Amino acid sequence: MSTTPDLFDSQHESEFAPRVAANSRLTSATGAVIFVLLFAEGITILQVGRLLTPHVFIGLMLIPPVLLKVATTGWRLVRYYSGDRDFVRRGPPHLILRLLGPFVVVLTVVVIASGMALVFTHAMRSQMLLVHKASFILWLGAMTIHVLGHIIETATLAPRDWFARSRRQVAGASRRQWVLVASVVAGVILAVLLTPYASNFFVG
């Protein structure tokens, strides 16, 4: 299998199959959206008691984009390890990022699930709070490495479907835009419907 470094910038994009480039663009754009939402979520953590409502709202908003990112990344891994020639030629992520990936996914699920359990149930409140805090600390460390490992690729590829000149270079830009926007809209709808249940977060 290929040992090509995971450097997939604008200069290398044309060297790979369109479906590989499309997957990379959607993954990077989704990652950029998640990064912005996580930054906003991090601000609410500074005063989570006073900023509980936006903390929960943003946390719920994150769920559909995170699922989309897991799907696009998972698709690339499945195609690569199944021997798909185009994805093999694209090459795997750096070994450290490959080993870290499952931990990022699992910790993300635990952080979100424990946060939702805190908001929407009163069962085992102290245990869930401990799980939420501990998983967040571990997740923050793993996510920091993950972001730094992909920051150049994300910054390069994320905007390319949104500019007229570069969006024409890989077919399907409009579909990718709609998928990304749909994930954000789904997140907003989810947050609007469920955030009111967070009013008793610190009660009991």
*asked:* Just to be sure before I move on: is Leu68 farther than 22 Å from Ala198 by Cα, modelled with pLDDT of 85 or more and not charged (D, E, K, R) in the structure I sent?
replied: yes
*Answer with yes or no whether Ile34 is modelled with pLDDT of 85 or more and either in contact with a His (Cβ under 8 Å, 6 or more places away or on another chain) or surrounded by 17 or more Cβ atoms within 10 Å (Cβ to Cβ) (or both).*
yes
*Kindly indicate the residue of the stretch 95-140 that is small (Gly, Ala, Ser) and either in contact with a Pro (Cβ under 8 Å, 6 or more places away or on another chain) or surrounded by 13 or more Cβ atoms within 10 Å (Cβ to Cβ) (or both) and also farthest from Val48 (Cα to Cα) among those meeting that condition.*
Gly101
*Kindly list the number of the only condition in (1) over 19 Å from Ala198 (Cβ atoms); (2) out of contact with any Lys or Arg (no Cβ under 9 Å at 6 or more places or on another chain); (3) in contact (Cβ under 8 Å) with a residue 12 or more places away in the chain that fails for Val111.*
(1)
_Taking the criterion of being under 30 Å from Ala22 (Cβ atoms) and within 16 Å of the chain's Cα centre (by Cα), would at least one residue in the stretch 123-137 satisfy it?_
no
*Can you find a residue in the stretch 140-155 that is at pLDDT 85 or above, closer than 26 Å to Thr30 by Cα and over 17 Å from the mean Cα position of the chain (by Cα)?*
no
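The values are calculated or read from the model by the stated rules, or taken from the named source; none is laboratory data. Remember, predicted model here, so these are calculated numbers, not experimental data. Backbone-built Cβ (ideal geometry, glycine too); neighbour counts: all protein chains shown.
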